[in-house]
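Before any comments, here is the structure.
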Amino acid sequence: MTGGELTLRMLDLDFNPISKFYEAPLQMKSNNGLFILDDFGRQQMDPHSLLNRWIVPLERRTDFMTLHTGMKFDIPFDQLVIFSTNIEPRKLVDEAFLRRIRYKIKIDHPSEKEYKKIFLKVCESNGIEFKTDVYDYL
């Protein structure tokens, strides 16, 4: 999982010349799992730079890494990528990229009735007694 701290460099191999060791990029670490990009559009890079970097991997399920020597190799890009944002997606990406995201789910704010259900479930799961006056205060 990453958020606003994400930079384009974090998506490439990181070579330490002293230990002669590579650290894998975030998307490589999440292979066969889940990669959550929280607050999409608030990263330290332009959203289009990230999307241009990932447009091929998202479509072909293969990413390309470059060693410090310049040699390139491909790796599987096999994870479920979740972009979470409160910015209108069309302000961040174009139609071509939206087509490459398989599922899009809009989650609105809960209604007052839904919020009460959530509050009740959280109280129950944490062994806390539900008190109407506390709920009403919040």
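If we sort 33-43, 93-103 on the protection proxy, mean other Cβ atoms within 10 Å, highest first, what's the order?
Packing proxy ranking, top to bottom: 33-43, 93-103.
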- Note on the structure: With +1 at each Lys and Arg Cβ and -1 at each Asp and Glu Cβ, the charge dipole magnitude of the chain around its Cα centre, to the nearest 20 debye, comes out at 440 debye
- Query: If you count the DSSP beta bridges with both ends in the chain, what percent of them are antiparallel, to the nearest 5?
  - Reply: 60 percent
- Message: Just the number please: accessible area per residue for segment 22-138, 1.4 Å probe, all protein chains included, in Å².
- Response: 74 Å²
- Query: So what does the Cα-only Debye profile of the chain read at q = 0.12, 0.19, 0.20 Å⁻¹, as log10 I(q)/I(0), no solvent term?
  - Reply: -0.65, -1.11, -1.19
- Per GNM of the chain with C-alpha springs under 10 angstrom, the most fluctuating residue out of L80, L120, L51 is L120
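The values are calculated or read from the model by the stated rules, or taken from the named source; none is laboratory data. Every value quoted in this text rests on a predicted model; they were computed, and no experiment measured them. All Cβ positions, even for glycine, are placed from backbone atoms using ideal geometry, and neighbour counts span all protein chains on display. Only protein heavy atoms, including side chains, enter the accessible area calculation; ligands, DNA and RNA are left aside. Shrake-Rupley method; radii C 1.70, N 1.55, O 1.52, S 1.80 Å.
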